[in-house]
Amino acid sequence: MAKSVAPQKTTRTASSALRKLPSVDEVLRSPAMVATLDQFGRQAVVGAVRGVLAEARKDGEVTGDIAHVASVVLARLGTDAQPSLRTVFNLTGTVLHTNLGRALLAEQAVEAAVAAMRSAVALEFDVDGAHRGERDDHVRGLLRELTGAEDATIVNNNAASVLLVLNTLARGREAIVSRGELIEIGGAFRMPDIMARAGTRLIEIGTTNRTHPKDYIGAIGEKTGLILKVHTSNYRIEGFTKQVPAQELAILARERQVPLVNDLGSGTLVDLRRFGLAHEPTVAEAVAKGADLVTFSGDKLLGGPQAGFIVGRKDLIAKLNRNPMKRSLRVDKIRLAAVEATLKLYRDPDRLSERLPTFRMLARPKQEIEGLAQRLAPVIARVIGASFTVSVTACHSQVGSGALPVETLPSAGLSIQSAKARRSGREVAALSTAFRRLPRPVIGRIEDQALMFDLRCLGDEADFIANLATLKIPEAGDALA
Ligand SMILES: *Cc1c(COP(=O)(O)O)cnc(C)c1O
């Protein structure tokens, strides 16, 4: 309604500005555009000029100044040229941060992946013999060696492992799961939904806090495809609780001739007590306790690229590999190369905390992190000026990705607060945005109106300092924008 009040006037203003706008050709011929065309290519530049002019026409803002239009075009092309998937500094205190890409790869894995990207590789090719090789063969032996399982296969991620197992062993049949283990992992991985997609009927047993052997026994019938045990990765049920131990469940499943699948989630190949963490069941332990199949992730505690592993009984692995779904879930040569190199590091567990960034960061001593905080505090104080105060503070890091959910690691970092007597938190929010706008965004977390940087995951100190050079300190009022 309001729009119809002054249409004449708006149209006239817009059209007079429109007359002043330069044409696409005029902008392209301007001196500033010569180098730009060379740098970005004709198609991209023409597209950007058209876009900028169209927007100008729409809001009637721009005058006919060709140089101004050219500078807007240049700025836009510069922004568009930045990779969308940018590297950042993870100072959140969560080592395996799903939204920041989880595990960082070991140098050996990076090199292997790069070599595989640059060259043809013997992916499914038996170099010595005449018959065709299989891509899983590159990691099958290693997985067997490191887990004690009879056989192994690899897919896109652990969600895919679970989907493939359910679809292969329990399509049109039932899968029995304790109500205490019906997990939701971030990003829409909910066990009941995955079951439905796999064509499996979910049979919930027990209660949230207590599940007994008789609950399993009562549920097993003609239509049972498998029993699924799920690691409660991101939560813990405490108090009056009971679950059936893996070993007991395995005996029970064997008696009834129903496969037992243990979804370990993160899964670890070594005892984490080595790194001062709490004990998590290892994959080898889960296999030894009698699970027929064990599924786990590649990029959680294992410290490799995104992948899903399934290890266990040879006949069941063969069935999984025969499922046409396996073809859609398989991994490419780049990841396979990185997985192989990562797994090889596990042959020398004593050097894992030097070589594997995930363990290096998890095992990093608090004193070392504190020393880093002491060195960086004055540097940051200088850069952000007198409107903020910086202090070295103790904090707690998390493992992340649903591994050891209640476990925290004593750490240290920097706490940045507004120097104003009446802190509103707005200045701090604006400062956090400024850090995120750096060429390599610095991601911390806001806690009690302070910007908190946990320095556990900061490796490259010199790069971090150099990156601060262009920090734009928010001025009064910026916080509102
Ligand atoms: C993380 C997790 C998954 C999913 O693994 P992705 O590798 O993220 O696909 C499945 N089950 C459990 C128990 C998990 O913790």
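The values are calculated or read from the model by the stated rules, or taken from the named source; none is laboratory data. These numbers were taken from a predicted model, which means no experiment stands behind them. Note: ideal-geometry Cβ built from the backbone for every residue, glycine included; neighbour counts use all protein chains shown.
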*asked:* Just checking, does segment 327-342 include any residue being within 16 Å of the ligand (Cβ to nearest atom) and within 15 Å of Leu146 (Cβ to Cβ)?
replied: yes
*Can you find even one residue in segment 308-317 that is in contact with a helix residue (DSSP H, G or I) (Cβ under 7 Å, 6 or more places away or on another chain) and within 30 Å of Gly459 (Cβ to Cβ)?*
yes
*Going by the structure shown, is Val339 more than 21 Å from Ala307 (Cα to Cα), touching a helix residue (DSSP H, G or I) at 6+ places or on another chain (Cβ under 7 Å) and outside the structural domain of Ala307 (by TED's automatic domain parsing)?*
no
*Check off (1) free of Cβ contacts under 8 Å to residues at least 12 places away in the same chain; (2) of a type outside the set (Ser, Thr, Tyr); (3) over 19 Å from Leu269 (Cβ atoms) for Ala318 and give me the number that stays unchecked.*
(1)
*Identity of the residue in segment 168-196, away from the ligand (no atom under 13 Å from the Cβ) and of a type in the set (A, V, I, L, M, F, W, C), that ends up modelled with the lowest pLDDT*: Ala196
*Can you tell me which residues in segment 335-361 are surrounded by fewer than 23 Cβ atoms within 10 Å (Cβ to Cβ) and in contact with a His (Cβ under 7 Å, 6 or more places away or on another chain)?*
Glu340
*With respect to the numbered conditions (1) of a type outside the set (Gly, Ala, Ser); (2) touching a residue at least 40 places away in the same chain (Cβ under 8 Å); (3) away from the ligand (no atom under 16 Å from the Cβ), which one is the sole condition not fulfilled by Thr208?*
(2)
_Total residues in segment 210-251, condition within 33 Å of the chain's Cα centre (by Cα) and within 27 Å of Glu407 (Cβ to Cβ)_ = 23
_Please verify whether Val165 is in a loop (DSSP other than H, G, I, E, B) and either surrounded by 15 or more Cβ atoms within 10 Å (Cβ to Cβ) or within 12 Å of the ligand (Cβ to nearest atom) (or both), treating the condition exactly as stated._
no
*Say we look at segment 345-388 and pick out the residues that are over 23 Å from the mean Cα position of the chain (by Cα), modelled with pLDDT of 95 or more and polar (S, T, N, Q); which of these is farthest from Asp271 (Cα to Cα)?*
Gln374
*Could we say that Leu100 is of a type in the set (A, V, I, L, M, F, W, C), within 16 Å of the ligand (Cβ to nearest atom) and surrounded by fewer than 18 Cβ atoms within 10 Å (Cβ to Cβ) here?*
yes
*Considering only segment 64-93, state which residues are out of contact with any Asp or Glu (no Cβ under 6 Å at 6 or more places or on another chain), surrounded by 14 or more Cβ atoms within 10 Å (Cβ to Cβ) and within 30 Å of Val392 (Cβ to Cβ).*
Val88, Phe89, Asn90, Thr92
*So which residues in segment 221-246 are in a loop (DSSP other than H, G, I, E, B), surrounded by 19 or more Cβ atoms within 10 Å (Cβ to Cβ) and more than 14 Å from the ligand (Cβ to nearest atom), if there are any at all?*
Val244
*Quick one: Glu145 ticks every box in (1) away from the ligand (no atom under 16 Å from the Cβ); (2) part of a helix (DSSP H, G or I); (3) of a type in the set (Asp, Glu); (4) at pLDDT below 95 except a single one, so which number is it?*
(4)
*Within segment 141-152, identify whether any single residue is touching a residue at least 40 places away in the same chain (Cβ under 8 Å) and β-branched (Val, Ile, Thr), and answer yes or no.*
yes
*Some residue of segment 149-161 being part of a loop (DSSP other than H, G, I, E, B), small (Gly, Ala, Ser) and at pLDDT below 95*: no
*Go through (1) surrounded by fewer than 20 Cβ atoms within 10 Å (Cβ to Cβ); (2) part of a loop (DSSP other than H, G, I, E, B); (3) within 16 Å of the ligand (Cβ to nearest atom); (4) not charged (D, E, K, R) one by one and return the number of the condition Val121 breaks.*
(3)
*asked:* For segment 140-149, give me each residue that is touching a strand residue (DSSP E or B) at 6+ places or on another chain (Cβ under 7 Å) and over 20 Å from Met325 (Cα atoms).
replied: Leu143, Arg144, Thr147, Ala149
_Per-region count, segment 393-412, residues under 30 Å from Glu181 (Cβ atoms) and without any contact (Cβ under 8 Å) to a residue 40 or more places away in the chain_ = 1
*Hey, Ala14 hits all of (1) at pLDDT below 50; (2) within 11 Å of Ile66 (Cα to Cα) but one; which does it fall short on?*
(2)
*Return the only residue of Arg347, Arg335 being within 25 Å of Ala109 (Cβ to Cβ) and part of a loop (DSSP other than H, G, I, E, B).*
Arg347
*In segment 77-117, what count of residues is obtained for those that are without any contact (Cβ under 8 Å) to a residue 60 or more places away in the chain and farther than 27 Å from Pro410 by Cβ?*
10
